[in-house]
Amino acid sequence: MPLAMVFTGAGRPLEPTEFASPMPTGGEILVRVTCCTLCRSDLHTHAGRRIEPMPTVPGHEIVGRIEAFGPDSPRRDALGEALEVGTRVTWAVNVGCGACFFCRHDLPQKCERPHKYGHHRNSADRPLGGGLAETILLAERTFVVRVPDEIPDRVAAPANCATATAAALLRYGGPISGGTVLILGAGVLGLTACAMARVGGAEAVVVCDPLESGRLRAEAFGATHTCPPDALADALRDATHGRGADVVLELAGHADAARSAIASARVGGTVVLAGTVSPVGTIGLDPEAVVRRMLTIRGVHNYHPSDLVAAIRFLAGQGRAFPFAELVAATYPLERADDAFADAHARPGVRVAVIPGESR
């Protein structure tokens, strides 16, 4: 019987629970989880800063190996690669219904009836929907991608969240070749976007973070300039001759960073807001300034399945030049998931991994 760690509310220990081993039906796929990393949104939920349906099995940054197919399950991944028992895979966090308004308008990540891994209330027919479990049952229509051998588990696990989201941010940000990208926040998402921006041809990548440790890590991921928030104006002046950044990515997740993002874009620049995935209050916006500066301001939440493809290709290719494995600072067996959460809360800017089956 597979073990799962069930979340029932902030401040409560996770409940180790054994479930009857599910048999995939229809187009479902049963996967044995080999690694699950704890994302910042997991930490927000664990701390009570955001509310999810409960009880739930947390964790959505997952990699694993196929254990069984339902009778109607695809035997090829989204790219046409063969799938079989034992194939190592990851998958898009959101599963769209395929029929609602947003799915029909190519926004499956905002489906009106989504299934979202790690954010799904346990039910009798689907008790294993998150990564803090020995197995997980993939729903029909899940966008599954084979993980190449070149990508280790601890790098592959964040691919279906941080890496894919970074790919989405830069896609929405527009052309960056020869330009300047400003990244506010040097967590895993910010560092990934930094590496992708350099690979994408950005001449300068400025990373702003209050922690010296984050700024030092940013240098290893391709940043040309780093600074704390109180030195941002000087850093941008040096990098852009006073014009401001072509593309600004706000990934710090607080109101001050959102204000700085809008203020730091050049005339005609693009601001992508993605860090505020929990409430931070409101910020003032001068509509005249937006008009006169000809700004584009985008919000990005989750990602399109095609961004996961870009993420895997990056990690298996040019991304291998960057120390992504070092961003997982510690690993814990599934039974110590509470310790993993405590450690993750204490380590801003990196991931903590849970390895199911490590001690059973």
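Results, tabulated for the structure shown:
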item: Theoretical ellipticity at 222 nm over the chain - DSSP helices of four or more residues, -39500 (n - 2.57) apiece, nearest 500; result: -7500 deg cm²/dmol
item: Ranked by how many other beta carbons lie within 10 Å on average, peptides 118-131, 205-218 from highest; result: 205-218, 118-131
item: Alpha-carbon Rg with Dmax, taken over region 43-157, Å; result: 14.6, 41
item: Listed residues A168, A99, A220, most fluctuating in the chain (Gaussian network, C-alpha, under 10 Å); result: A99
item: 5 Å binning of all Cα-Cα separations within region 219-302, expressed as whole percents from 0 upward; result: 3, 14, 23, 26, 21, 10, 3, 0
item: Relative exposure of K116, K110, judged by other C-beta atoms within 10 Å (fewest first); result: K110, K116
item: Zone residues, region 9-53, relative to H345, backbone N less than 20 Å from point 7 Å out along Cα-to-Cβ; result: 9-16, 37-53
item: Spatial separation of Cα centroids for region 243-288 and region 308-360, in angstrom; result: 28 Å
item: Counting all C-alpha pairs of the chain, share separated by more than 32 Å (%); result: 30 percent
item: Sparsely packed GluC sites (Glu not before Pro) within region 1-84, loop by DSSP, other Cβ within 10 Å at most 15; result: E81, E84
item: Descending Cα extents along the principal axes, region 163-299, whole Å; result: 39, 32, 29
item: Which of C35, C194, C100 has the fewest Cβ neighbours within 10 Å, and the rest in rising order; result: C100, C35, C194
item: Residues F322, F221 arranged by fewest to most Cβ contacts within 10 Å; result: F322, F221
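None of the figures in this text is laboratory data; all of them are computed from the coordinates on show. The model shown is predicted, which means the values in this text are computed figures rather than measured ones. Glycine gets a Cβ as well: all are built from the backbone with ideal geometry, and neighbour counts include every protein chain shown.
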